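*Asks:* My questions will all concern the structure given below.
What follows is calculated from the coordinates using simple rules that are stated; it is not laboratory data. A quick note: this is a predicted structure, and the numbers were derived from the prediction, not measured. Cβ atoms come from the backbone with ideal geometry, glycine included; neighbour counts cover every protein chain shown.
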């Protein structure tokens, strides 16, 4: 749905190591050159993108960088979660070195979460740290992975298990780019939007109930949804940059989601990250009901909202199946939130009232998963 250019909204993330802006609005990518040059002492920009996004959006970005007098190079990777690998990490790092990117230069991640995570990790390690600008091109990346400094790659043992905290110097969330996404990707990104309402903002969840379909369609409410989501994440990150406590709330639904992704071997044809998160959000609320923490009415409301928008909400919605309860539990055991071998979940007392639940017994999880899979 085409919309006119909007005045960018700005969310500022202030951390002990410095502050950076998230610029949100239509066509902010066209002004990227001036914004990057304003960081100071930038000679060259290395654009890391993928083979799908690059042909769509890199030309606008490169023209803006050239207009600002900045040299630039482009490194392109295959699209998809499988690119978050050791091999592709080495390839990107070698490409950055070949482009002679120096400490004061900039790595600019132009793409979705895969590109942002991989390019961010390369920036964190190249010459022991070069500056990073995130230009997320998916709804999911704009409201989640581009903000907060988490970078990384996957291991055969699990998702995002190798990485670093490396805050960007700037985030450019161009909402016009969402127009080019397939409907499936917009729905997947919406799972990370509604998550913020479920964590600690009941009013935003109610707003999502009224406007979610228009957000997914790319209507004018999209900018508001991205701005609220970024502000919500920024507020939590500013209080807990390195996930020592409260920031773990941002993983609502993700313990289930990451296990699902491992079960499907990160095959995007079967399930992309946001779809797994959608299932995970519904599971987190139903698990909370099973533990006597949350009303069934709230869990049903969450499931109904996601389902009404055509999003998956059950393990039975995973193409090819989600394996056995034991396989799911084994996948969860490699989750980053595991401590001393004990499982940690983000659960809910109600919509907008989520909390960190530690030391959940494995047999309790198995019983819940068995019920979800078999209905008994």
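*Asks:* What is the fewest-to-most order of 85, 354 by other Cβ atoms lying within 10 Å of their Cβ?
*Replies:* Lowest count first: 85, 354.
*Asks:* Further, regarding this structure: On full extension of the chain, what length is gained from residue 291 through residue 94, given 0.36 nm per residue of separation minus the C-alpha to C-alpha distance?
*Replies:* 66.0 nm
*Asks:* Now a separate question. How much length would be gained if the chain were fully extended between residue 59 and residue 128, taking 0.36 nm per residue of separation minus their Cα-Cα distance, in nm to one decimal?
*Replies:* That works out to 21.9 nm of additional length.
*Asks:* Within the chain, what percent of beta bridges assigned by DSSP are antiparallel, to the nearest 5?
*Replies:* 45
*Asks:* Stokes-Einstein at 10 °C, 1.306 mPa s, Kirkwood radius from Cα pairs: D for segment 280-326 in µm² s⁻¹? Present the calculation step by step, with values, prior to reporting the outcome.
*Replies:* Details: Rh = 11.3 Å.
This corresponds to a translational diffusion coefficient of 141 µm²/s.
*Asks:* Express in nm, to one decimal, how much length is gained between residue 330 and residue 267 on full extension, taking 0.36 nm for each residue of separation and deducting their alpha carbon distance.
*Replies:* Using 0.36 nm per residue and subtracting the Cα-Cα distance, I get 20.8 nm.
*Asks:* Starting from the Cα of residue 211, step 7 Å along the direction of its Cβ; do the same at residue 238; then give the gap between the two resulting points in nm.
*Replies:* The two pseudo-label positions are separated by 2.1 nm.
*Asks:* Could you state the orientation-averaged shadow area of the convex hull built on the Cα atoms of segment 97-245, in nm² to one decimal? Please list the in-between numbers first.
*Replies:* Values: hull surface 39.4 nm².
Convex hull of Cα atoms, orientation-averaged projection: 9.8 nm².
*Asks:* Just the number, please: Stokes-Einstein D of segment 9-180 in µm²/s, Kirkwood Rh from C-alpha pairs, 25 °C, 0.890 mPa s.
*Replies:* The estimated diffusion coefficient comes to 158 µm²/s.
*Asks:* Order 159-169, 106-116 from most to least packed using the mean count of other Cβ atoms within 10 Å.
*Replies:* Taking the mean over residues of other Cβ atoms within 10 Å, the ranking is 106-116, 159-169.
*Asks:* On to the next question. Could you compute Rg(Cα) / (2.2 N^0.38 Å) for segment 183-374, with N its residue count?
*Replies:* After normalising by residue count via 2.2 N^0.38 Å, the value is 0.96.
*Asks:* As a check on your grasp of the helix formula, calculate [θ] at 222 nm for the chain: sum -39500 (n - 2.57) over DSSP H runs of n ≥ 4, divide by the residue count, round to the nearest 500.
*Replies:* -14000 deg cm²/dmol
*Asks:* What three numbers, in Å, describe the spread of the alpha carbons of the chain along their principal axes, ordered from the longest?
*Replies:* So the three principal-axis extents are 64, 41, 39 Å.
*Asks:* What FRET efficiency comes out for residue 308 versus residue 43 if R0 is 45 angstrom and r is the Cβ-Cβ distance? Round to the nearest 0.05.
*Replies:* Computed FRET efficiency for residue 308 and residue 43 comes out at 0.35.
*Asks:* Put a dot 7 Å past each Cα toward the Cβ at residue 66 and residue 374; how far apart are the dots in nm?
*Replies:* 6.4
*Asks:* Could you please rank 11, 318, placing first whichever residue has the fewest other Cβ atoms within 10 Å of its Cβ?
*Replies:* Numbers: 11 22, 318 19.
Fewest-to-most ranking of 11, 318: 318, 11.
*Asks:* Can I ask one more? Please report 373, 271 as a ranked list, fewest other C-beta atoms within 10 angstrom at the top and most at the bottom.
*Replies:* Ordered by Cβ neighbours within 10 Å, fewest first: 373, 271.
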